[in-house]
Each structure stands twice: as C-alpha cells, then as structure tokens.
Amino acid sequence: MKNVFKNKKNVLNIYVTAGYPKLNDTILISQELEKNGVDIIEIGMPFSDPLADGPTIQSSSQIAIKNGITIDIIFQQIIEIRKTVTIPIILMGYYNQVLQYGTDSFFKKAKKVGVNGFIIPDLPLDIYQKKHQKIVTELNLNMIFLVTPQTSDNRIKTLDAVSNGFLYIVSSFAITGSKKDIQKNQISYFEHLKSLKLKNPKLIGFGIHNKATYTTACKYAEGAIIGSAFIKVISNKNQDLKTSIKPFIEGILIS
C-alpha cells in the first residue's frame with residue numbers, strides 16, 4: 001500500500017460491490033480497473049444494513065445478495081483476481097460481517113487470498129485497539145479509519161496514529177452518492193486537515209463523481225475514492241463491462 005503513495009500522485013481508489021451486477025463480474029471489473037489506471041480497488045462486501053451507503057450502493061448490495069454473494073465467495077473471487085491483478089485490494093464492510101465470520105479467521109483468510117487492508121466504518125476504535133490491532137499488525141494488513149467534518153482534531157490525530165495505509169476523508173456529513181460539486185466549506189475542511197500534518201496519506205471520498213470533483217480533491221489530498229458514480233456505470237447487467245469501464249476511468253484521470 002505504501003508504494004502506491006510513494007510512486008504516484010493523485011491516487012484513484014474505485015469502489016465495486018462484490019457480486020454485482022452479476023455474481024462473478026467482480027473478477028473482470030477488477031482486471032479492467034487495473035488495466036485502465038486505477039491504483040486501489042475497494043471491494044464492498046454486501047450487507048443487509050449498510051449504514052454509510054447511499055441508495056445506489058444499497059441497491060447494488062441487495063442485488064449482489066440475491067445473486068448469492070457471500071464472504072467465502074468474495075475470498076474465492078479475490079484468489080482469481082490475484083492471478084492477474086497486482087494493485088492493492090481493500091475490503092469494505094461492516095463489523096457484524098467480520099464477527100459472524102470469526103474475527104481472527106476473517107483477517108487470516110483475507111491475508112491468505114491477497115487482501116491488503118480493510119475499511120470497516122462501524123468498528124469502534126477502542127474495540128479495534130483492544131481486540132484486533134495485534135493480529136492486523138502481525139499480518140501486515142492495513143486498517144483504514146474514516147475522518148468526518150465532525151471529527152475533533154484530537155480524535156483525528158488518534159485515528160491517524162492507529163491507521164495505516166491511508167485515512168479515508170469523508171467529504172461531508174452524508175451518505176455516499178452525492179452529485180454536488182465540492183463546496184467552499186468542504187475546501188476549508190480539507191485545508192485544515194492538511195495543516196494538521198498527519199502521518200498517513202489522505203483519500204477523499206463521498207461525492208467524488210467526475211473529473212472536476214476528483215481534480216479538486218487531489219489538490220487537498222493524495223487522491224480520491226469514487227463509489228456510487230462507478231456503480232451506476234456498471235449497473236446494466238447486460239452491458240459490455242470493458243467498453244463501459246474504460247471511458248469512465250479515462251474521463252476521470254488527470255492527464
């Protein structure tokens with residue numbers, strides 16, 4: 001993960017819901033994302049009660065669950081992905097999914113199949129420190145925490161100390177999927193974060209949906225995360241994914 005930020009400016013992280021639009025499309029989508037210049041793939045583990053997700057990602061999760069996706073199938077898909085894809089893979093999901101699988105078993109299996117890190121928005125920091133940080137560190141995995149506009153400076157510094165990989169900067173107090181351009185108050189927030197001189201790189205997410213928002217985000221962080229906008233691009237299960245993904249990514253990247 002560190003090499004991504006060492007070797008590249010304007011890092012692009014793309015979120016894809018595992019098992020969507022069809023069960024095994026995750027493999028082809030991941031291959032196409034790397035081919036077209038994406039730096040990090042964030043694979044969402046579909047969940048019935050996704051707290052941070054907007055309607056687009058919620059809908060994709062419901063479809064993936066109907067398609068039969070499970071954590072074990074996701075792990076099998078990552079094994080296939082890793083035969084050709086070398087960029088970092090992050091699993092994004094919810095703490096209850098990890099608990100149901102068995103926490104140590106989940107982290108060990110993820111490491112074995114080639115996962116690099118995790119975003120678990122509802123994992124309490126103190127629980128992570130007490131119960132999971134040791135094994136995550138021993139496995140040389142990355143745990144990525146979210147920072148919001150409501151997070152205090154002291155809390156941000158604590159999250160920065162505990163996180164590795166990068167900090168996920170939530171651009172606004174909202175669910176995913178906003179189509180608004182980045183506002184002045186958000187830029188003030190990004191500038192404040194820069195002034196804190198945090199040890200981790202920062203990726204800005206929530207509301208990054210086109211070249212303009214991506215370019216603005218990259219001025220204030222090491223890169224950005226795109227989720228809902230990409231899910232919409234691949235939402236037609238009968239389309240040719242290759243011809244849908246390529247122009248979308250080319251239209252985002254800064255030349």
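Listing for the model above:
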quantity: Residue tally, condition polar (S, T, N, Q) and either surrounded by 23 or more Cβ atoms within 10 Å (Cβ to Cβ) or touching a Ser or Thr at 6+ places or on another chain (Cβ under 7 Å) (or both), over the stretch 1-20; calculated: 2
quantity: Lys194 being surrounded by 19 or more Cβ atoms within 10 Å (Cβ to Cβ) and of a type in the set (D, E, K, R); calculated: no
quantity: Test: Ile120 is modelled with pLDDT of 95 or more, over 18 Å from the mean Cα position of the chain (by Cα) and farther than 26 Å from Asn238 by Cβ; calculated: no
quantity: Selection status of Tyr15, in a loop (DSSP other than H, G, I, E, B) and touching a residue at least 40 places away in the same chain (Cβ under 8 Å); calculated: no
quantity: Some residue of the stretch 140-152 being surrounded by fewer than 16 Cβ atoms within 10 Å (Cβ to Cβ) and not polar (S, T, N, Q); calculated: no
quantity: Scope the stretch 79-122; condition more than 21 Å from Ile225 (Cβ to Cβ) and either among the hydrophobic types (A, V, I, L, M, F, W, C) or part of a loop (DSSP other than H, G, I, E, B) (or both); matching residues; calculated: Ile79, Arg82, Lys83, Thr84, Leu99, Gly102, Phe106, Phe107, Val113
quantity: One residue from Asp160, Asp126 being modelled with pLDDT of 95 or more, more than 15 Å from Tyr94 (Cβ to Cβ) and surrounded by fewer than 14 Cβ atoms within 10 Å (Cβ to Cβ); calculated: Asp126
quantity: Test result for Lys22, assigned to a loop (DSSP other than H, G, I, E, B), of a type in the set (D, E, K, R), farther than 24 Å from Gly207 by Cβ and touching a helix residue (DSSP H, G or I) at 6+ places or on another chain (Cβ under 8 Å); calculated: yes
quantity: Residue match in the stretch 232-249 (condition: out of contact with any strand residue (DSSP E or B) (no Cβ under 8 Å at 6 or more places or on another chain) and more than 24 Å from Ile57 (Cα to Cα)); calculated: no
quantity: Close pairs from the stretch 58-78: first at pLDDT 95 or above and in a helix (DSSP H, G or I), partner surrounded by fewer than 19 Cβ atoms within 10 Å (Cβ to Cβ) and among the small types (Gly, Ala, Ser), Cβ under 6 Å, at least 6 apart; calculated: Ile78/Gly114
quantity: All strands (runs of 3 or more DSSP E) inside the stretch 162-255 with 2 or more residues being closer than 24 Å to Ile144 by Cβ and in contact with a Lys or Arg (Cβ under 9 Å, 6 or more places away or on another chain); calculated: 167-170
quantity: Close pairs from the stretch 230-255: first more than 24 Å from Pro55 (Cα to Cα), partner among the small types (Gly, Ala, Ser), Cβ under 6 Å, at least 6 apart; calculated: Leu253/Gly37
quantity: Residue within the stretch 98-105 that is touching a residue at least 60 places away in the same chain (Cβ under 8 Å), buried (at least 16 other Cβ atoms within 10 Å of the Cβ) and either closer than 26 Å to Lys202 by Cα or out of contact with any Cys (no Cβ under 7 Å at 6 or more places or on another chain) (or both) present; calculated: no
quantity: Ile43 vs. criteria within 22 Å of Ile27 (Cβ to Cβ), in contact with a helix residue (DSSP H, G or I) (Cβ under 8 Å, 6 or more places away or on another chain), part of a helix (DSSP H, G or I) and modelled with pLDDT of 95 or more; calculated: no
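The values are calculated or read from the model by the stated rules, or taken from the named source; none is laboratory data. Predicted model only: the values in this text are computed from it and were never measured. Quick reminder, even Gly has a Cβ in these numbers, built from the backbone with ideal geometry, and neighbours come from all protein chains shown.
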